Amino acid sequence: MTTLNSIPNPTIVSSAKGLSITSFVLGLVSLACGFVFVVPVIGAVLGFVAVRTEPAGRGFAIAGIWINLAITAFWLLVTTVLIVGLAAGLLTIPLWSN
């Protein structure tokens with residue numbers, strides 16, 4: 001006969017990975033579809049939140065952070081080059097012609 005004290009008490013392990021996987025998927029979707037600023041920033045923020053709150057999904061969260069930050073940095077670089085290039089091109093246009 002088993003008593004109440006001899007029944008093993010299973011510990012509940014949190015295996016929530018929702019934010020981690022969402023961050024990773026947003027990074028992949030941004031990479032595939034070319035979303036520029038909003039989606040990668042949201043994915044990076046979700047990844048940072050997931051690293052702190054979901055230890056089971058740490059790998060997905062870190063991968064999502066890296067992908068999203070790389071996409072954001074790439075598009076910031078492209079935007080900066082385009083703005084500088086356009087500004088340099090506009091400076092070569094003569095403003096007054098005689």
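The values are calculated or read from the model by the stated rules, or taken from the named source; none is laboratory data. Owing to the predicted nature of the structure, the values given are computational and were not obtained by experimental measurement. Here the Cβ positions follow ideal geometry from the backbone for every residue, glycine too, while neighbour counts run over all protein chains shown.
Miscellaneous remarks
- Residues (at pLDDT below 90 and under 13 Å from the mean Cα position of the chain (by Cα)) located in segment 56-93: none
- Verdict on Thr53 being out of contact with any strand residue (DSSP E or B) (no Cβ under 8 Å at 6 or more places or on another chain), farther than 10 Å from Asn68 by Cα and buried (at least 18 other Cβ atoms within 10 Å of the Cβ): no
- Selected residue (only one of Phe48, Phe24, Phe35 is modelled with pLDDT under 85, of a type in the set (Phe, Trp, Tyr) and under 17 Å from Ala70 (Cα atoms)): Phe35
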